[in-house]
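A short worksheet on the structure shown next.
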Amino acid sequence: MQAELISRPRDLPSVSRLLQICAAQGIAAEVASPAIREVLAHARQSLLDGGAVREQELVADVLREATALQAPWPSRVINATGVVLHTNLGRAVLSDRAREAMLEAAGYADLELDLTDGERGRRDEHVERLLVQVTGAEAATVVNNCAAALFFALSVLASGREVVISRGQAVEIGGGFRIPDVCVQSGAVLREVGTTNRTYPSDYETTCHDDTALLLRVHRSNFYLAGFTSDVSVGEMVAIGRGRSLPVLDDLGSGCLVPTEVFGLRHEPTVQESVQAGAGLTLFSGDKLLGGPQAGIMVGKRELIERLRRHPLARALRCDKVTLAALHATLLHYLRGEHMEQVPTLRMLRMSVDEGGARASKWAAQLGILGAEVRPAVSAVGGGSLPDAELPTRALVLDVTRLGLSAEECARRLRVASRPIMARVESDLLWLDPRTVQPEEDQVLLDVLRQGLSIS
Ligand SMILES: *Cc1c(COP(=O)(O)O)cnc(C)c1O
């Protein structure tokens, strides 16, 4: 033990020796070198600071760093939290067809080419055709995400001019995305009208003037106003804008194409309602309630969509082929009327309490341990959508203290397992919600649980 303790920089193991150790573990020199440099630099600093370094630990650090560097990423994770659109776990789960389409697009593909005449085509053409069909809008285009879509629309349609918005809608959506800040970046000037809780049509009417570019509505995705409130509908805003030739820009965020009542949730404004009410442009995310890839979808009047397309920012904000492929496949589910079964996000939202109960009971029976029971619980929509929505479910609840473990420690073990599981910890119990565990993941989930709980 004494010999391992290093106190002088010259006694540190050489780079070539560490390379040999890595090579013996099958780690290539190209991967090992940066890890070795980093660990040695850190060790030298420790020695200069008067500390000591253990050779064994130094070697372990090198191996760990090198292994981490070459580990594939991202890793697949089992989401047992019950949060359907879990932002940290990549929001929407894509359908099988969407995944296949992404693979198909990964090589050469007819992204901007019409195969029949060999002419150049637009990359958003095919997705536009489907969006027009499923939303009822005249035209559509797609950018990187909904935040980009709002920035894009304001930059093109309102730069240097005024945008009228209700005070109750100049909000922060999450992750530092604040409507007033986006407005400043786009060069538009925000004109807030009304009050936080009440805004009337007359507030818009008296504020519009020659320098007004558009009326903006932003859906309060992540909070609710309750009590003494009053909002102006998109239809009313359209009526106010019509006489003055001002379009309404409607940022819906979650972008639901189905009435959320079918999930037992409160009504979330749908894209079709916004289009029918006459919004000039309706913006929504691809990876929230639509259940597709990250994208900022813009549907509305043809003239406005064409102006967006002609702007140089269109090139800067465009989507890549893999995203467009996944979006196309997702929209096809809606066109065919098979979205409730095929789009995982909708399937998960629809899961009944009985279904959840049956699965959680099966898990409990197969684990066959004391302290495993099925209890009523609540899943969440997530992704900053429908914040107060309560989706009743049944969860497998594990009292791991009976196994001599704390729930936190157990959750950590599950996170670092070969197939990581994200579970919920509450009242020193481990909660696993079947709603967000994919049907084909049941067996792996049980295997990882047995390992994590050290039961065989
Ligand atoms: C979520 C949200 C956005 C941002 O959408 P991303 O696709 O995450 O960029 C913008 N506006 C509203 C109203 C939202 O709810």
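The values are calculated or read from the model by the stated rules, or taken from the named source; none is laboratory data. Here the structure is a predicted model, which means the values were calculated and not measured. Here Cβ is always computed from backbone atoms with ideal geometry, including for glycine, and neighbour counts include all displayed protein chains.
Is there a residue in the stretch 100-114 that is closer than 30 Å to residue 204 by Cα, of a type in the set (A, V, I, L, M, F, W, C) and buried (at least 21 other Cβ atoms within 10 Å of the Cβ)? Full working, then the answer.
We begin by selecting, within the stretch 100-114, every residue closer than 30 Å to residue 204 by Cα; these are none.
Scanning the stretch 100-114 turns up no residue that is closer than 30 Å to residue 204 by Cα, of a type in the set (A, V, I, L, M, F, W, C) and buried (at least 21 other Cβ atoms within 10 Å of the Cβ).
Could you list, in sequence order, the residues of the stretch 382-392 that are within 16 Å of the ligand (Cβ to nearest atom) and closer than 19 Å to residue 423 by Cβ? Explain how you work it out, then say what you get.
First, pick out the residues of the stretch 382-392 that are within 16 Å of the ligand (Cβ to nearest atom): 382-389.
Selection gives 382 alone.
Of the conditions (1) over 13 Å from residue 164 (Cβ atoms); (2) in contact (Cβ under 8 Å) with a residue 24 or more places away in the chain, residue 192 clears all except one; give me its number.
(1)
Anything in the stretch 238-270 that is within 18 Å of residue 163 (Cβ to Cβ), β-branched (Val, Ile, Thr), out of contact with any Cys (no Cβ under 8 Å at 6 or more places or on another chain) and not in a strand (DSSP E or B)? List them, or say none.
Residue satisfying the conditions is 238 alone.
Restricting attention to the stretch 414-426, and to residues there that are surrounded by fewer than 18 Cβ atoms within 10 Å (Cβ to Cβ) and touching a residue at least 24 places away in the same chain (Cβ under 8 Å), which single residue is nearest to the chain's Cα centre (by Cα)? Reasoning before the result, please.
Our first condition is that a residue be surrounded by fewer than 18 Cβ atoms within 10 Å (Cβ to Cβ); within the stretch 414-426, this holds for 415-420, 425-426.
Narrowing further to those that are touching a residue at least 24 places away in the same chain (Cβ under 8 Å): 417-420.
Numbers: 417: 23, 418: 23, 419: 20, 420: 18 Å.
The qualifying residue nearest to the chain's Cα centre (by Cα) is 420.
Look through the stretch 298-327, keep the residues that are within 21 Å of the chain's Cα centre (by Cα) and outside any helix (DSSP H, G or I), and return whichever of them is farthest from residue 147 (Cα to Cα).
Within the stretch 298-327, the match that is farthest from residue 147 (Cα to Cα) is 320.
Those residues that are part of a helix (DSSP H, G or I), in contact (Cβ under 8 Å) with a residue 24 or more places away in the chain and either surrounded by 15 or more Cβ atoms within 10 Å (Cβ to Cβ) or of a type in the set (Asp, Glu) (or both), I need them from the stretch 32-58; list them, please. Let's see the steps before the verdict.
Narrowing the stretch 32-58 to residues part of a helix (DSSP H, G or I): 32-48, 55-58.
This time we only want the ones that are in contact (Cβ under 8 Å) with a residue 24 or more places away in the chain, so: 32, 34-36, 38-40, 43-44, 47-48, 55-56, 58.
Of everything in the stretch 32-58, those that are part of a helix (DSSP H, G or I), in contact (Cβ under 8 Å) with a residue 24 or more places away in the chain and either surrounded by 15 or more Cβ atoms within 10 Å (Cβ to Cβ) or of a type in the set (Asp, Glu) (or both) turn out to be 32, 35, 36, 38, 39, 40, 43, 47, 55, 58.
Between residues in the stretch 274-288 that are at positive phi and residues that are away from the ligand (no atom under 16 Å from the Cβ) and outside any loop (DSSP other than H, G, I, E, B), which pairs lie under 8 Å by C-beta distance while being six or more apart or on different chains?
Correct list of pairs: 278/235; 278/238; 278/242.
Tell me the residue from 346, 331, 386 that is touching a Gly at 6+ places or on another chain (Cβ under 7 Å) and either outside any helix (DSSP H, G or I) or under 30 Å from residue 103 (Cα atoms) (or both), please. Can you show your working first?
Numbers: 331 fails: touching a Gly at 6+ places or on another chain (Cβ under 7 Å); 386 fails: touching a Gly at 6+ places or on another chain (Cβ under 7 Å).
Going through 346, 331, 386 in turn, just one is touching a Gly at 6+ places or on another chain (Cβ under 7 Å) and either outside any helix (DSSP H, G or I) or under 30 Å from residue 103 (Cα atoms) (or both): 346.
Yes/no matrix, rows are residues, columns are (1) without any contact (Cβ under 8 Å) to a residue 60 or more places away in the chain; (2) of a type outside the set (A, V, I, L, M, F, W, C):
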| site | (1), (2) |
| --- | --- |
| 358 | yes, no |
| 365 | yes, no |
| 368 | yes, yes |
| 376 | yes, yes |
| 384 | no, yes |
| 393 | no, yes |
| 398 | yes, no |
| 403 | yes, no |
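Assigned to a helix (DSSP H, G or I), under 14 Å from residue 309 (Cα atoms) and away from the ligand (no atom under 16 Å from the Cβ): is that true of residue 130 in this structure? Step through it out loud before you land on a result.
Numbers: assigned to a helix (DSSP H, G or I): yes; under 14 Å from residue 309 (Cα atoms): no; away from the ligand (no atom under 16 Å from the Cβ): yes.
Answer is no for this residue.
Let me confirm something: among 446, 432, which residue is crowded, with 23+ Cβ neighbours inside 10 Å and either under 29 Å from residue 287 (Cβ atoms) or out of contact with any Lys or Arg (no Cβ under 8 Å at 6 or more places or on another chain) (or both)? It would help to see each step written out before you state the result.
Working: 446 fails: crowded, with 23+ Cβ neighbours inside 10 Å.
On inspection, the qualifying residue turns out to be 432.
Considering only the stretch 141-165, how many residues are part of a helix (DSSP H, G or I), over 15 Å from residue 191 (Cβ atoms) and within 16 Å of the ligand (Cβ to nearest atom)? It would help to see each step written out before you state the result.
In the first step, residues of the stretch 141-165 are kept if they are part of a helix (DSSP H, G or I); the result is 146-158.
Filter once more, so that each one left must be over 15 Å from residue 191 (Cβ atoms): 146-153, 155-156.
Checking which are within 16 Å of the ligand (Cβ to nearest atom) leaves us with 146-153, 155.
Here the count works out to 9.
Rundown of residues vs (1) surrounded by 21 or more Cβ atoms within 10 Å (Cβ to Cβ); (2) modelled with pLDDT under 95, yes/no style:
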| residue | (1), (2) |
| --- | --- |
| 92 | yes, no |
| 120 | no, yes |
| 130 | no, no |
| 142 | yes, no |
| 146 | yes, no |
| 154 | yes, no |
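Determine, yes or no, whether residue 19 is touching a helix residue (DSSP H, G or I) at 6+ places or on another chain (Cβ under 9 Å) and either part of a helix (DSSP H, G or I) or of a type in the set (Val, Ile, Thr) (or both).
Numbers: touching a helix residue (DSSP H, G or I) at 6+ places or on another chain (Cβ under 9 Å): yes; either part of a helix (DSSP H, G or I) or of a type in the set (Val, Ile, Thr) (or both): yes.
The answer is yes for residue 19.
Checking the conditions here, which among 419, 413 is of a type outside the set (A, V, I, L, M, F, W, C) and not in a loop (DSSP other than H, G, I, E, B)?
Details: 419 fails: not in a loop (DSSP other than H, G, I, E, B).
So the residue among 419, 413 that is of a type outside the set (A, V, I, L, M, F, W, C) and not in a loop (DSSP other than H, G, I, E, B) is 413.
In the stretch 203-237, what count of residues is obtained for those that are assigned to a loop (DSSP other than H, G, I, E, B) and buried (at least 19 other Cβ atoms within 10 Å of the Cβ)? Show your work before the answer.
Of all residues in the stretch 203-237, those assigned to a loop (DSSP other than H, G, I, E, B) come to 208-211, 219-229, 231-233.
Subset that is buried (at least 19 other Cβ atoms within 10 Å of the Cβ): 208, 219, 221, 232.
So the answer is 4.
Which residues, taken from the stretch 215-270, are at positive phi and over 23 Å from the mean Cα position of the chain (by Cα)? First the steps, then the outcome.
Step one: list which residues in the stretch 215-270 are at positive phi, which gives 227, 245, 253, 255, 264.
Across the stretch 215-270, the qualifying residues are 227, 245.
Taking the residues in the stretch 271-297 that are over 18 Å from the mean Cα position of the chain (by Cα) and not in a loop (DSSP other than H, G, I, E, B) as candidates, determine which candidate is farthest from the ligand (Cβ to nearest atom).
To start, the set of residues in the stretch 271-297 that are over 18 Å from the mean Cα position of the chain (by Cα) comprises 271-282.
Next cut, not in a loop (DSSP other than H, G, I, E, B) only: 271-276, 281-282.
Details: 271: 13, 272: 17, 273: 15, 274: 12, 275: 16, 276: 19, 281: 13, 282: 11 Å.
Looking at the filtered set, the residue picked out is 276.
With the structure loaded, tell me whether residue 252 is more than 11 Å from the ligand (Cβ to nearest atom) and either among the hydrophobic types (A, V, I, L, M, F, W, C) or crowded, with 24+ Cβ neighbours inside 10 Å (or both) or whether it fails that test. It would help to see each step written out before you state the result.
Details: more than 11 Å from the ligand (Cβ to nearest atom): no; either among the hydrophobic types (A, V, I, L, M, F, W, C) or crowded, with 24+ Cβ neighbours inside 10 Å (or both): yes.
No; evaluated as a whole, the condition is false for this residue.
Regarding the stretch 166-189, can at least one residue be identified that is surrounded by fewer than 21 Cβ atoms within 10 Å (Cβ to Cβ), more than 13 Å from the ligand (Cβ to nearest atom), modelled with pLDDT of 95 or more and not in a helix (DSSP H, G or I)?
Yes; the residues of the stretch 166-189 include at least one that is surrounded by fewer than 21 Cβ atoms within 10 Å (Cβ to Cβ), more than 13 Å from the ligand (Cβ to nearest atom), modelled with pLDDT of 95 or more and not in a helix (DSSP H, G or I).
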